[in-house]
């Protein structure tokens with residue numbers, strides 16, 4: 001177990017005496033004060049970002065009090081949680097203060113910090129990674145108002161030359177968001193990324209490998225039942241075809257979101273791709289699996305915790321690795337493929353109304369007036385659909401002949 005750190009008090013900080021060598025007194029959460037041989041006391045925050053240990057200085061005591069240092073630590077920890085490097089933000093802000101014009105990197109980090117709280121931490125980290133790897137080295141130091149379309153296109157061509165055409169398109173989108181933010185805040189006149197529409201070839205449509213033939217689905221379900229790996233991963237595998245949510249939504253499921261009595265899993269909008277709350281009705285089969293799993297992982301926040309720590313969800317590669325162990329390569333089946341499996345069979349075999357399926361897939365479905373439906377739309381029908389789907393999967397697995405329905409659910 002990690003050593004428990006006793007939080008500092010103002011008296012302990014004030015009365016800390018210098019020694020022959022400098023030493024640290026920790027407050028917890030990465031915050032510590034460095035006492036120097038000359039009697040100086042400096043606040044520091046230690047953190048990990050991109051698998052590297054870093055630290056930033058908050059300033060001297062008593063100019064920065066214990067309460068002030070803790071507030072700065074908490075703000076920095078929030079940045080780290082949202083995929084932001086607080087040291088890089090500090091550096092960019094200092095750069096902005098000393099330069100006459102504001103650079104692309106300064107504006108990009110400001111934009112990222114402002115909007116990262118509305119994204120998942122993984123998405124925020126991905127965005128920052130693309131900025132730091134593919135944009136900052138080439139145009140980061142350039143005054144944002146002076147960057148023209150040909151210069152940005154040259155940056156995107158470098159990405160394309162790596163064989164990453166899809167990434168080049170995504171980076172153009174990110175750059176465009178930064179430029180539009182600069183325009184909105186009065187630091188640029190226009191968005192040069194908009195002039196590059198059509199300048200890059202369109203990537204081929206990417207499909208997630210999926211099994212959609214009922215006979216092959218039956219074989220997969222039997223393989224899952226025979227899986228010899230970790231019990232938590234096996235439960236996730238058994239539930240994945242029943243829920244057909246996105247892999248990240250499944251692995252990050254929390255017990256507080258699941259109501260076994262009401263038979264619903266309520267996913268908050270900050271975890272959803274479309275940023276809308278979502279409800280997954282629980283079939284009788286799903287409740288049975290979750291009830292058994294709760295006896296093992298109920299002490300964790302997560303329904304599917306990591307095998308190494310109950311404080312973290314299972315790895316985003318856990319389902320994929322399990323499928324590989326079962327003999328399904330990346331061109332045959334993926335974690336995301338359970339969605340295509342459900343969508344195809346519910347429509348073509350069980351003949352469920354397409355709008356019910358789309359709602360349950362958490363796709364953007366709009367009413368005749370163009371308004372987005374709320375999360376409870378067609379909930380009773382979706383509950384029936386999810387139970388029918390779980391029963392159908394059981395029938396496939398048992399080898400029963402599942403009769404194709406001729407009437408859509410109404």
Got a sec? Which of 182, 218 is within 30 Å of residue 110 (Cβ to Cβ), touching a residue at least 24 places away in the same chain (Cβ under 8 Å) and either in the same structural domain as residue 312 (by TED's automatic domain parsing) or buried (at least 17 other Cβ atoms within 10 Å of the Cβ) (or both)?
182
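Inside the stretch 280-305, can you point out the residues that are touching a strand residue (DSSP E or B) at 6+ places or on another chain (Cβ under 8 Å) and either surrounded by fewer than 17 Cβ atoms within 10 Å (Cβ to Cβ) or on the phi > 0 side of the Ramachandran plot (or both)?
The initial filter retains those residues of the stretch 280-305 that are touching a strand residue (DSSP E or B) at 6+ places or on another chain (Cβ under 8 Å), namely 280-282, 290, 297, 301-305.
Matches in the stretch 280-305: 301 only.
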Go through (1) surrounded by fewer than 19 Cβ atoms within 10 Å (Cβ to Cβ); (2) in contact with a helix residue (DSSP H, G or I) (Cβ under 9 Å, 6 or more places away or on another chain); (3) over 27 Å from residue 274 (Cα atoms) and name the single condition residue 159 misses.
(1)
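Select from the stretch 345-356 the residues that are assigned to a helix (DSSP H, G or I) and at pLDDT below 90 and list them in ascending order.
Within the stretch 345-356, the subset assigned to a helix (DSSP H, G or I) is 345-348, 354-356.
Answer for the stretch 345-356, where residues must be assigned to a helix (DSSP H, G or I) and at pLDDT below 90: 347, 348, 354, 355, 356.
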For the stretch 2-32 the number of residues that are out of contact with any helix residue (DSSP H, G or I) (no Cβ under 6 Å at 6 or more places or on another chain) and part of a strand (DSSP E or B) is 7
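On the basis of being more than 30 Å from residue 298 (Cβ to Cβ), surrounded by 14 or more Cβ atoms within 10 Å (Cβ to Cβ) and either under 28 Å from the mean Cα position of the chain (by Cα) or not assigned by TED's automatic domain parsing to the domain that holds residue 357 (or both), does residue 172 make the cut? First the steps, then the outcome.
Values: more than 30 Å from residue 298 (Cβ to Cβ): yes; surrounded by 14 or more Cβ atoms within 10 Å (Cβ to Cβ): yes; either under 28 Å from the mean Cα position of the chain (by Cα) or not assigned by TED's automatic domain parsing to the domain that holds residue 357 (or both): yes.
In short, yes.
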Per the list (1) part of a loop (DSSP other than H, G, I, E, B); (2) surrounded by 14 or more Cβ atoms within 10 Å (Cβ to Cβ), residue check on residue 138 breaks on (1)
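Is it the case that residue 145 is in contact with a helix residue (DSSP H, G or I) (Cβ under 9 Å, 6 or more places away or on another chain), surrounded by 14 or more Cβ atoms within 10 Å (Cβ to Cβ) and either at pLDDT 90 or above or farther than 30 Å from residue 390 by Cα (or both)?
Details: in contact with a helix residue (DSSP H, G or I) (Cβ under 9 Å, 6 or more places away or on another chain): yes; surrounded by 14 or more Cβ atoms within 10 Å (Cβ to Cβ): yes; either at pLDDT 90 or above or farther than 30 Å from residue 390 by Cα (or both): yes.
Considered against the rule, which asks whether it is in contact with a helix residue (DSSP H, G or I) (Cβ under 9 Å, 6 or more places away or on another chain), surrounded by 14 or more Cβ atoms within 10 Å (Cβ to Cβ) and either at pLDDT 90 or above or farther than 30 Å from residue 390 by Cα (or both), residue 145 comes out as yes.
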One residue is enough: does the stretch 82-99 have a residue meeting the conditions surrounded by fewer than 15 Cβ atoms within 10 Å (Cβ to Cβ), over 13 Å from residue 31 (Cα atoms) and at pLDDT 85 or above?
no
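Hey, does the stretch 192-211 have a residue that's in contact with a helix residue (DSSP H, G or I) (Cβ under 6 Å, 6 or more places away or on another chain) and loosely packed, with under 13 Cβ neighbours inside 10 Å? Please lay out each step first, then the result.
First, the residues of the stretch 192-211 that are in contact with a helix residue (DSSP H, G or I) (Cβ under 6 Å, 6 or more places away or on another chain): 192-193, 195-196, 199-200, 203, 208-211.
Now drop any that are not loosely packed, with under 13 Cβ neighbours inside 10 Å, which leaves none.
Scanning the stretch 192-211, I find no residue that is in contact with a helix residue (DSSP H, G or I) (Cβ under 6 Å, 6 or more places away or on another chain) and loosely packed, with under 13 Cβ neighbours inside 10 Å, so the answer is no.
Can you name the residue in the stretch 310-332 that is in a loop (DSSP other than H, G, I, E, B) and under 17 Å from the mean Cα position of the chain (by Cα) and is also farthest from residue 235 (Cα to Cα) among such residues? Give the derivation first.
Filtering the stretch 310-332 down to residues in a loop (DSSP other than H, G, I, E, B) leaves 310-312, 314-317, 326-332.
Imposing the further condition that a residue be under 17 Å from the mean Cα position of the chain (by Cα) reduces the set to 311-312, 314-317.
Details: 311: 18, 312: 17, 314: 12, 315: 14, 316: 15, 317: 15 Å.
Selected residue: 311.
The values are calculated or read from the model by the stated rules, or taken from the named source; none is laboratory data. No experiment lies behind these values; they were computed from the predicted model shown. Virtual Cβ from ideal backbone geometry, glycine too; neighbours counted across all protein chains shown.
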